[in-house]
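Enquirer: This structure is in structure tokens; I'll ask about it shortly.
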Amino acid sequence: MAFDEPPVLALQTIKGKREAIAVGHAAARLQGQPQVEILNGFDHPRSLLADFAVAEKTLQLLVRQIAGKTFLKPEVVLHPLEHLEGGLTQMERRGLYELCRCAGANKVHLWIGRELTAEELRSRQFPSEGGSLLTP
């Protein structure tokens, strides 16, 4: 299943403790609410990751939102769309891979290239032209 959610996390501070209360579009709608902080763990001018812990929690909640609560860990196809000039560094590859694993993914595919069709995503058949399947 593909999704298009902004990678933002809403944290609320209650009695001195920060708690994640929303993710994606729901989090973005909470912008400006009292004691709510909107964070983007992927927002950095030179890199794909800015804050690993925030990015991990964001991805964890987005995966749970899509896959639901299950004992089976999902298989994730991650397709970064920004900061790709010159390709990904080994650190970025490893960081994204580890991020997905820490967020609960059983298997991680890092795809760089054109947008995959729904059928390609379902079948995990990555085209030989138009992109690259990267390993950490």
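Enquirer: Within the range 49-96, take every residue that is surrounded by 11 or more Cβ atoms within 10 Å (Cβ to Cβ) and of a type in the set (S, T, Y) and give me the one that is farthest from G24 (Cα to Cα).
Expert: Looking at residues that are surrounded by 11 or more Cβ atoms within 10 Å (Cβ to Cβ) and of a type in the set (S, T, Y), I get T89.
Enquirer: How about the range 48-82: which of its residues are of a type in the set (S, T, Y) and in contact (Cβ under 8 Å) with a residue 12 or more places away in the chain?
Expert: Hit for the range 48-82 is T58, nothing else.
Enquirer: Please verify whether L133 is in contact (Cβ under 8 Å) with a residue 24 or more places away in the chain, outside any loop (DSSP other than H, G, I, E, B), more than 15 Å from P6 (Cβ to Cβ) and of a type outside the set (D, E), treating the condition exactly as stated.
Expert: When the stated conditions are applied, L133 passes them.
Enquirer: Taking the range 30-87 on its own, how many of its residues are over 28 Å from K15 (Cβ atoms) and β-branched (V, I, T)?
Expert: Residues in the range 30-87 being over 28 Å from K15 (Cβ atoms) and β-branched (V, I, T): 5 in total.
Enquirer: How many residues does the range 85-127 contain that are closer than 20 Å to R46 by Cα, over 12 Å from the mean Cα position of the chain (by Cα) and not in a loop (DSSP other than H, G, I, E, B)?
Expert: Total satisfying the criteria: 8.
Enquirer: Restricting to the range 38-64, count the residues that are in a helix (DSSP H, G or I) and either modelled with pLDDT of 90 or more or under 9 Å from the mean Cα position of the chain (by Cα) (or both).
Expert: 12
The values are calculated or read from the model by the stated rules, or taken from the named source; none is laboratory data. Everything quoted here is computed from the prediction, not taken from an experiment. Here the Cβ is made from the backbone with ideal geometry for all residues, glycine too, and neighbour counts use every protein chain on show.
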